[in-house]
Amino acid sequence: MIFIFGACHSPGFSKVAAGFDTLQIQPYDVLASPSIFEKAFFKGAFSVTEDRDSVHFFQLNIGNINIETGKIIAADVVTQYDMPPFTQNFPIGRFPVLLSVARLRNNDERIAFSQIVFPQDTITHWEYALHGNQKPASIFSDTLYSYGVDAGVGLFIDEKSNNAFKKLSDNIADLMQKYIFKGLNDQTHTSWQYNIQSFPGGNLAAFSTGWGDGHYATYIGFNKNEKPCRLLTDFALINWWKNE
């Protein structure tokens, strides 16, 4: 396998990405592995080469999510009701949700990473975001903590917002259509969608999950004081664990 990180300034790619590349994160020295978790969100065109195919990334800020309890759920939109929040406490406030979209062969586009950005600081290491019965494990080990996706859409939501969402109606199908899928359909780009959706009692961030159905891991980027700076879900487009 060939796997090379690099900066790319392809004129053709820049034209395609120009309408969506809304982030202003300037390149900087990345200290933590895997470096792609940060570099995929740098301003401008970024690319990797995997199995001789070039994968280009562009980035966008889709809006702010409300974090009122510091407890966050990452899940398939259909199973969010039963998914517990991660054990980690996160900062409280309104924080931007960023997407990194990969442009693959034949101009296919897929969301590679989604993340919530908390107060900016240097990330020194990444760890799995854990639930109550899970034990810490190296993100480079054979252990994979992930959530399953059957609807092709994942989300971030605060625990308080999730509880408010569930109280809106007993008809889950109606809730999904009114507050998630309708908004996603309004923000459709090639083969990916996203939405920051407000509803009585909170809001959520929803987005397409890479190739669709599968199992996807969520990670926390910590600073040197063990404070969370990022919460990131990887949609398994890049085999980064084989090369870092």
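Bear in mind that the values in this text are calculations on the coordinates, not laboratory data. This one's a predicted model, so the numbers in the text were calculated from it and none came from an experiment. Cβ atoms come from the backbone with ideal geometry, glycine included; neighbour counts cover every protein chain shown.
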#### Entry: Neighbour-limited loop hits for trypsin sites (Lys or Arg not before Pro), the stretch 164-203 (at most 16 other Cβ within 10 Å; DSSP other than H, G, I, E, B)
K167
### Summary
Unit-weight point scatterers at every alpha-carbon of the stretch 78-212, Debye formula, q = 0.10, 0.15, 0.20 1/Å: log10 I(q)/I(0) is -0.38, -0.87, -1.44
### Query
Mind listing the phi-derived Karplus ³J(HN,Hα) values for the stretch 62-74, rounded to whole Hz, using 6.51, -1.76 and 1.60 with θ = phi - 60°, and x for any glycine or proline?
9, x, 9, 10, 8, 10, 9, 9, x, 10, 10, 10, 10
### Task
Please work out whether the stretch 50-97 counts as rounded, prolate or oblate from its C-alpha gyration tensor, where a ≥ b ≥ c are the square roots of the eigenvalues and a/c under 1.5 means rounded, while otherwise a/b larger than b/c means prolate and anything else oblate?
prolate
#### Entry: Theoretical ellipticity at 222 nm over the chain - DSSP helices of four or more residues, -39500 (n - 2.57) apiece, nearest 500
-2500 deg cm²/dmol
### Query
When a footprinting reagent is the concern and you count Cβ atoms within 10 Å, what order do T233, T124, T218 take, fewest first?
T124, T218, T233
## Note on the structure
Taking 0.36 nm per residue of separation between N133 and D108 and subtracting their Cα-Cα distance, the length gained on full extension comes to 5.2 nm
## Note on the structure
Of the convex hull enclosing the alpha-carbon atoms of the stretch 124-186, the direction-averaged projected area in nm² is 6.9
#### Entry: For the stretch 87-139 versus the stretch 206-244, the gap between their alpha-carbon centres in whole angstrom
5
### Query
Compactness ratio of the chain: Cα Rg over 2.2 N^0.38 Å, N = residue count?
0.97
## Note on the structure
Stretched fully, the stretch from L144 through N185 gains (0.36 nm per residue minus C-alpha distance, one decimal, in nm) 11.6 nm
### Query
Can you pick out the pairs among K43/K178; K39/K224; K160/K182 whose Cα atoms lie more than 30 Å from each other?
K43/K178
### Query
What are the lysines whose alpha-carbon lies under 18 Å from the alpha-carbon of K227, with same-chain residues fewer than 8 places away excluded?
K71
